[in-house]
Amino acid sequence: MALVTWIKQKDKIDGTMKNKVYSFFEKLQKDDTAPGLHIEPMHTPADPRVRTGRIDLNYRAVLFKVAFDTIPHYFYYGAWPHDEAIDIARSSVLQVNSVNGVLEVIRASMPDRDTPPVPPIAPVVPDAPTPEAEGEQGAAAEEHAAAQGETAEPWMNPLHECGIDPAELVSELGLAPDLVGRAFAASSDEDLLNILDDAPEWQATALLELAAGTSVQEVQDKLALSRYVDDPGATEEEKIRKSLEHPATKMQFTFVGDDSDELKKVIEGGDFDSWRTFLHPEQRVYSERHYNGSFRLSGGAGTGKTVVLLHRARMLALAEPASRIVLTTFTTTLADSLESGLSKLDANLSRAAKPGASGIYVSGVDSLVSKVFRGAQETEQRRAMKDLFGLEVSAPGKILDTDGARQQWESALADVDHQLELELANPTFLQQEYETVILPNVISGKDEYLKVPRAGRGTALNRAKRLAVWKVVESYRYYNRIEMHASFVELAHLAALVLRQRAEASGARLADHVLIDEAQDLHAGHWLFLRELVQLGPDDLFIAEDSHQRIYGQKVPLSRFGIGIVGRSRRLTLNYRTTQQNLAYAVGILSGAPVTDIEGDQESSSGYTSSRVGPRPVEIATASLAEELDNLAAYLREWKDEGVPLETVGILVRSNFQVGKVINGLNERDVEARTAGAPTLPGVPSVMTMHRSKGMEFTRVVLFGISDQTLPASYQVKDLAPAEQADAILRERSLLYVAATRARDGLVVSWSGKPSELLGTK
């Protein structure tokens, strides 16, 4: 028998090789002396523990053999073509970093840690060109900048701008001197990312954090890089074993042991599922730490908030097997994704059959609300109806979605002589007023509404305007009552009142811990419901959100609902999904936008960075829809020829109407496409709305039809007061940001006619 530890590599295993690699290690785990494996030491290696093994006739695995308690233990470094594997094996060393105790693999060509630290490196300034050369270079730079939609400005290495001493990075963080020197000498963003691409995971992360403005001390804290104290009495094997427990080591090393099923999961996981095994030390802290109350974890798209949430659910379930854990999010689609991720993380975790049962209960928040309210006793339902609406009536039969509720508001406006000006006689304004002021304050009468504060509402209302608004509200409620209708938002408030009744009567709650994903899209009713779901206390609510992705929810400070997160809020900044080029493009969409967080404080989009490098996003302007479809079909054919699995490509549009147009247009051009929700088919890309894409990711993304006619959507901003209009445009901007951050590798943005103002393209 042999044990295996897997070392994550930047270069993923080719699809055709996965089965061969799995077969190799399955045999290795059973018997490492099997002749077919060809496990062989090297002649004069830099590390005597290095071995190579035969994957097939052309590829060899590079391994390090370490004996733990007499059981052979192999560290898998990677698989390469025969000659390359031999060269890598001879020059690679498995070692414990002498500064911080992190386990790492280095190349023998790298300077030893005892090498004197590198001196501070000044920015490279090229010799002044001749007038002729200057003219040619200037023209070329301008041409390149124009092609990329940029201005030709000199690049400044962010490591220089931060005023960091390179010597400190070597002596205090334990970074390799050669790597530090090359990073400080980088001449562009792409150059810096390419340099870091081959570095050990923790070192690349440290330098990226520093380049994003994080201090040396903060990097030490995030990566748990405390000073390493060597034990002279310990063997090298003992030191390696201890180093495996270091949080920064776990970014790149995962113990598989002799479990072939676990090995298969690691091999087959690929980029999309690598989070399942390899956690950033900072992510690990948030997933494992206990808090005295509610905790908020924020971060941009792709920073791993959902990852932390899943690992935390697992931690709580294993630590308290009888506990009742609710894992929820905004939509059923996202909840299905959470369920899938949880199964991949640990298929043996106990699931709760219903809210209030032991185990993990995964559900979209509206589905959870419905189960709680529909499962309540009739007396509980009628009392909640009386508290919210002032009338003790039966529970609603039909629940209205956003569009259905909007239609009811339109009917109410038409039925009442309200004399409101156009910007107030607007279904969007009235619906927001109802959901953010009237319902959260449980207002059932005119006099209450006249007195209630309207904190956070952008448009002021005097007494006369409040009276006019209330007329429309009464009409809206009247029609809902006689038709036995209620909106999903109203249902959340009703369910919250049911839970409050029970808590006041007996102290009973349905959950011990509640974990919430995509929290920025929840409304006041959701927060009141979730607050009543669990008793105020340690580890009650764990909230993951990104205010930049708010495309549904209203700005409602959590403190209003008894949820205190002051002093218990942290932010993730390292993106694991998309490339630095795509990230910069997406963040640029938000440039200058006044985004506020879940507590109403200003939220910055700066400081986000990615460890991945890729092509620049491509913008394509066309004269007509037909030409735009021609270009889209051409891109899909090109990617197919390049070997890109088209089922991993997402084509994202603003509206459902566009979905049909694109699918039909591609079919006319002999390219098959499917809608979201349809079965995944090999070689068939998905076409969906930007809203539907939330929580998903694709190898390549095409943002299609991004013209001034589609974004911002006219029906979202028409006839609104300036304050509400600004908020609506911000949601449209956030929607575009969400869509752009779905791309892992390639991003294409196209339009016909004039581009959307949200792109910032001239």
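Derivation of every value follows stated rules applied to the coordinates shown; laboratory data play no part. If you're wondering where the values come from, they're calculated on a predicted model, not measured in any experiment. Ideal geometry is used to build each Cβ from the backbone, glycine not excepted, and the neighbour counts take in all protein chains shown.
Modelled this way, with points 7 Å down the Cα-to-C-beta line, the labels at R463 and Q407 are 3.9 nm from one another. Here the dipole of the chain is about 2960 debye; that uses its Cα centre as origin and unit charges on the Cβ of Lys and Arg (positive) and Asp and Glu (negative).
Charge tally around E209: other residues with Cβ under 11 Å, Lys/Arg +1 each, Asp/Glu -1 each, net -2. Spacing of the modelled spin labels on A46 and E638, each 7 Å from Cα toward Cβ, amounts to 3.9 nm. Could you point to the residue in Y74, Q716, I663 farthest towards the positive end of the chain's charge dipole, with +1 and -1 charges on the Cβ of Lys/Arg and Asp/Glu respectively? Going by the Cα projections, it comes out as Q716. Could you please report the charge total around E237, scoring K, R as +1 and D, E as -1 over all other residues with beta-carbon less than 15 angstrom from its beta-carbon? Local charge sum for E237: -2. Taking volume of the Cα convex hull per residue in Å³ as the quantity of interest, determine which of (1) 194; (2) 162; (3) 173 was computed from the displayed structure. Working out volume of the Cα convex hull per residue in Å³ from the coordinates points to (1).
Considering only L37, A633, T379, the residue lying farthest towards the positive end of the dipole of the chain is T379, judged by Cα position with unit charges set on Cβ. List residues of the stretch 365-399, by number, whose backbone nitrogen lies under 12 Å from a label position 7 Å along Cα→C-beta of S506. Residues passing the 12 Å test: 377.
Normalised by the number of residues in the chain, the mean separation of alpha-carbon contacts (under 8 Å, six or more apart) gives a relative contact order of 11 percent.
For the stretch 583-759, a crude dipole built from +1 on the beta carbon of Lys and Arg and -1 on the beta carbon of Asp and Glu, taken about the Cα centre, is about 300 debye to the nearest 20.
Rounded to the nearest Hz, the phi-derived 3J(HN,Hα) couplings of the stretch 661-678 under the Karplus curve 6.51 cos²θ - 1.76 cosθ + 1.60 (θ = phi - 60°) are 4, 5, 4, 5, x, 5, 4, 5, 9, 6, 10, 7, 8, 10, 8, 4, x, 6, where x marks glycine and proline. The charge dipole of the stretch 434-592, taken about the Cα centre with unit charges on the Cβ atoms of Lys, Arg (+1) and Asp, Glu (-1), comes to about 720 debye, rounded to the nearest 20. For the pair D31 and L422 in one chain, pulling the backbone fully straight at 0.36 nm per residue adds 132.9 nm over the alpha carbon distance. Mind checking the angle between helix 625-641 and the chain's longest principal axis? C-alpha axes, 0 to 90 degrees, to the nearest 10. Roughly 30 degrees between the two axes.
Taking amide H as placed 1.01 Å from N in the peptide plane, G299 has its amide H under 5 Å from the amide H of E545, S547, L572, each at least 5 places away in sequence or on another chain. Using θ = phi - 60° in the Karplus curve 6.51 cos²θ - 1.76 cosθ + 1.60, the 3J(HN,Hα) couplings for the stretch 484-493 round to 6, 10, 8, 7, 4, 5, 4, 4, 4, 5 Hz; x is entered for Gly and Pro.
Residue separation of Y291 and A108 scaled by 0.36 nm, minus their Cα-Cα distance, works out to 61.5 nm of gained length.
How big is the Cα convex hull of the stretch 583-759 in projection, averaged over all directions, in nm²? Here the figure is 11.0 nm², rounded to one decimal.
The order of L37, L736, going from fewest to most other C-beta atoms within 10 Å of their C-beta, is L37, L736. Taking amide H positions as modeled 1.01 Å from N, with prolines and chain starts lacking one, the residues under 5 Å from T689 and 5 or more places away or on another chain are V653. Among R383, R654, a tally of other beta-carbon atoms within 10 Å of each Cβ gives an order, fewest to most, of R383, R654. Each 5 Å bin from zero holds the following percent of Cα-Cα pairs in the stretch 398-483: 2, 14, 28, 27, 19, 7, 1.
The stretch between S655 and L450, if pulled fully straight at 0.36 nm per residue, gains 70.0 nm over its current Cα-Cα span.
Please work out the C-alpha center-to-center distance from the stretch 1-70 to the stretch 484-560 and express it in whole Å. The stretch 1-70 and the stretch 484-560 have Cα centres separated by 50 Å. With both labels modelled 7 Å from their Cα along Cα-to-Cβ, the D191 to Y715 distance reads 5.1 nm.
Note on A593 and L244: with the Förster distance fixed at 41 Å, the Cβ-Cβ geometry gives a FRET efficiency of about 0.40. For L400, the amide hydrogen comes within under 5 Å of the amide hydrogens of A486, S487, F488, counting only partners 5 or more places away or on other chains and with H modelled in the peptide plane. What does the net charge come to around V489 if you take all other residues with beta carbon closer than 15 Å to its beta carbon, with K and R at +1 and D and E at -1? For residues surrounding V489, the net value is -4.
Here's the picture: charge each Lys and Arg Cβ at +1 and each Asp and Glu Cβ at -1 in the stretch 663-762, and of A743, S756, A676 the one pushed furthest to the positive end of that dipole is A743.
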